[in-house]
1. Taking the criterion of being among the charged types (D, E, K, R), closer than 30 Å to L218 by Cα and in contact with a helix residue (DSSP H, G or I) (Cβ under 6 Å, 6 or more places away or on another chain), would at least one residue in the range 75-84 satisfy it?
2. Can you pull out the residues in the range 140-190 that are under 26 Å from A220 (Cα atoms), in contact (Cβ under 8 Å) with a residue 12 or more places away in the chain, surrounded by fewer than 21 Cβ atoms within 10 Å (Cβ to Cβ) and of a type in the set (D, E, K, R)?
3. Does the range 168-184 contain at least one residue that is of a type outside the set (G, A, S), touching a strand residue (DSSP E or B) at 6+ places or on another chain (Cβ under 8 Å), modelled with pLDDT of 95 or more and under 15 Å from R88 (Cβ atoms)?
4. Let me spell it out: the conditions are (1) part of a loop (DSSP other than H, G, I, E, B); (2) within 24 Å of E79 (Cα to Cα), and D203 meets all of them except one. Which number is the exception?
5. Of everything in the range 152-172 that's part of a helix (DSSP H, G or I) and hydroxyl-bearing (S, T, Y), which residue is farthest from S66 (Cα to Cα)?
6. Can you go through L180, L209 and tell me which one is of a type in the set (A, V, I, L, M, F, W, C) and not in a loop (DSSP other than H, G, I, E, B)?
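The values are calculated or read from the model by the stated rules, or taken from the named source; none is laboratory data. Bear in mind that the values here come from a model prediction, so they are computed numbers and not experimental data. Counting neighbours? That spans all protein chains shown, and the Cβs are built from the backbone with ideal geometry, glycine included.
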Amino acid sequence: MNNTVTTTARLLGAGLRALLVLTLVTGVLYPLAVTGVAQGLFPRQANGSQVEADGRVVGSSLIGQSFTLPRAEGRQTPEPDLRWFQGRPAHGLGTNTLNTRYRLLLSGATNLSAGDADLVAQVEAAQKAVVRDNSVPGHPVAAADVPADAVTSSGSGLDPHISPAYARLQTHRVAARNGLSPAEVERLVTEHTEGRTLGFVGDPRVNVLELNVALRALAAGR
């Protein structure tokens, strides 16, 4: 009986010591080390890749956001604010319906097949809207000019980037709405066009939030 109690106590003691050591190593020392390295070498990325304008944080370069007008009475969705570059559609987004205490945004894809009638209707409506919104006197936009990312959403619905082609398509409209020359706006797009990651991964892209922050600074200087 005494041997059993002693053995059990020894095993419990060993387990407790192992728990304390592992808690210290994996729960304290390792997180502190990773946090310290991240803050020392990559502070911007470690803090959420925040984008600032006028001394305050306006968003993250990792998460797309909408540039829209206040929703008008009777409309289910707000209209785009055409002073700004617009990002990709966000058809896969939803809202939390279970825990209504917090207003949470749920991201995701639509899961519609390429031939789905609803998806086809969404794409056709988006294409017409892009043509209508971006056609300005002397610079009409044809349906064939509209790139795919202008009318389709990403897998998350929160893609912060658009293609350089979609950004350039919007330059004349943005220039006219902000009293700028198309050349000035095109130069902004060129300056904010990112190349392929490591030179071969992905496609060239433009971060919409960072581009609009630069546009706001340029327009404010006039």
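1. Yes, the range 75-84 contains a residue that is among the charged types (D, E, K, R), closer than 30 Å to L218 by Cα and in contact with a helix residue (DSSP H, G or I) (Cβ under 6 Å, 6 or more places away or on another chain).
2. Matches in the range 140-190: R168, R177, E184, E186.
3. Checking the range 168-184: not a single residue is of a type outside the set (G, A, S), touching a strand residue (DSSP E or B) at 6+ places or on another chain (Cβ under 8 Å), modelled with pLDDT of 95 or more and under 15 Å from R88 (Cβ atoms).
4. Failing condition for D203: (2).
5. T171
6. Testing whether each residue is of a type in the set (A, V, I, L, M, F, W, C) and not in a loop (DSSP other than H, G, I, E, B) leaves just L209.
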